Amino acid sequence: MIRKTTTSSPRSSGRHGPSRWRGGARAIAVCGLYAALTTGCEQKVLCPALDSCGGPLPVGDWILAPGHPSCSEDMYVPPTDTRLVQADLPPGRTPPPEPALFDWCLLLVTGPGANIQVKPPRFYYEDGPVGAAAVQYDANGHFSAGITRTGTYTLDFPAYCMRAFGAMDGKPADPVNDPNGPPANVCKQLEVPLRASGLGEGSYRNTTCEPNPVDLGGCLCAFDVTETGGPSGSFQPMDGNTLLHLPGSNFPQKVTYCNKGDRLELTGANGAYLFDVRGLRTFDLVRAPPPPP
């Protein structure tokens with residue numbers, strides 16, 4: 001077909017031949033550019049799609065179970081600077097917070113007082129794996145999904161963040177409950193208020209801080225994550241193997257499914273994220289056991 005569009009007709013004069021050739025060349029160039037833009041920049045789905053056999057509507061309660069995992073793609077999601085959203089305005093003649101403080105210290109501010117933590121950091125993790133999930137479809141066309149991300153992550157506080165504003169080793173780790181306790185390094189001093197901050201947010205537990213062997217004077221603070229969320233809304237069948245999720249305040253989402261009676265396989269259609277959870281591609285679910293009487 002390309003050759004036919006770029007070859008002159010035998011009856012054409014020499015004057016028309018080159019013109020048609022140039023027009024065809026331009027068409028080829030445009031088509032080539034379109035192909036490069038539509039295929040070269042397309043994100044490839046790394047998780048293999050599950051079965052999409054369709055079947056009856058998956059009405060009921062479904063959960064993840066051992067041997068029936070989800071598949072997610074690791075993604076880097078940069079933290080948002082919370083100071084830029086409805087942030088407090090600094091008083092007159094007071095400079096705004098240094099942007100580099102967020103990049104290096106995750107908003108942590110330490111000081112020389114009894115409590116080393118002047119301002120708590122922002123707990124942050126890039127992309128937690130799915131540890132549990134429960135999905136419900138009811139006969140009235142409503143759905144809900146509870147997705148729990150779990151894992152252990154680390155906050156890396158360089159020596160500058162820990163010591164630049166006067167914090168020092170040799171003070172009690174818990175000055176409030178044990179003011180006469182043994183002297184501790186700045187990492188153990190930070191561990192106590194940081195653990196309380198994580199519990200206050202509700203999702204970050206078991207915080208421990210230790211000196212960083214690579215960055216002398218810095219600290220590595222590990223914490224466990226258990227964070228649950230997920231969409232809800234209505235759904236409707238599109239064809240024999242595709243559902244359309246209509247979350248209350250989000251865009252419609254297509255998902256292919258295979259209902260095998262006691263097992264349900266879900267895949268985000270056309271490379272879409274499942275339940276609009278970034279990185280999540282598939283669920284291999286089993287029917288939830290009935291509640292105890």
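The values are calculated or read from the model by the stated rules, or taken from the named source; none is laboratory data. Keep in mind it's a predicted model, so treat the numbers as computed, not measured. Reconstructed Cβ throughout: ideal geometry from the backbone, glycine too, with neighbour counts over all protein chains shown.
Quick check on segment 167-193: of everything there that is within 11 Å of ASN115 (Cα to Cα) and touching a Lys or Arg at 6+ places or on another chain (Cβ under 7 Å), which residue is surrounded by the fewest Cβ atoms within 10 Å (Cβ to Cβ)?
The extreme case among them is ALA173.
Which condition does THR152 not pass, out of (1) at pLDDT 95 or above; (2) loosely packed, with under 15 Cβ neighbours inside 10 Å, if it passes all the others?
The one condition THR152 does not meet is (1).
Listed here are the residues, each with its yes/no results for (1) polar (S, T, N, Q); (2) within 30 Å of ASP61 (Cα to Cα).
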residue	(1), (2)
ASN185	yes, no
VAL192	no, no
GLY202	no, yes
LEU220	no, no
SER249	yes, yes
THR256	yes, yes
ASN270	yes, yes
LEU274	no, yes
VAL277	no, yes
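Going through segment 134-161 one residue at a time, which ones are among the β-branched types (Val, Ile, Thr) and either over 30 Å from THR110 (Cα atoms) or touching a Ser or Thr at 6+ places or on another chain (Cβ under 7 Å) (or both)?
Residues of segment 134-161 that are among the β-branched types (Val, Ile, Thr), as a first pass: 135, 147-148, 150, 152, 154.
Matches in segment 134-161: VAL135, ILE147, THR148, THR150.
At least 2 residues that are touching a Cys at 6+ places or on another chain (Cβ under 6 Å) and crowded, with 17+ Cβ neighbours inside 10 Å in each: list the strands (runs of 3 or more DSSP E) lying fully within segment 197-293 that qualify. Walk me through it before giving the result.
Numbers: elements: 204-211, 219-229, 232-239, 242-247, 253-259, 263-268, 280-287.
It comes to 204-211, 219-229, 280-287.
Filter segment 77-134 down to residues that are of a type in the set (Lys, Arg), more than 22 Å from ARG278 (Cβ to Cβ) and modelled with pLDDT of 65 or more and give me whichever is surrounded by the most Cβ atoms within 10 Å (Cβ to Cβ).
Initially, segment 77-134 is screened for residues of a type in the set (Lys, Arg), giving 83, 93, 119, 122.
From the residues that got through so far, the ones that are more than 22 Å from ARG278 (Cβ to Cβ) too are 83, 93, 119.
Next cut, modelled with pLDDT of 65 or more only: 93, 119.
On the way: ARG93: 5, LYS119: 14.
This residue is LYS119.
Restricting attention to segment 128-160, report how many residues are outside any strand (DSSP E or B) and touching a residue at least 60 places away in the same chain (Cβ under 8 Å).
As a first pass, look at segment 128-160 and keep what is outside any strand (DSSP E or B): 128-129, 138-141, 158-160.
After this cut, where a residue has to be touching a residue at least 60 places away in the same chain (Cβ under 8 Å) as well, the list is 128, 138-139, 141, 158.
So the count comes out to 5.
Being without any contact (Cβ under 8 Å) to a residue 12 or more places away in the chain and small (Gly, Ala, Ser), is that true of even one residue in segment 173-181?
yes
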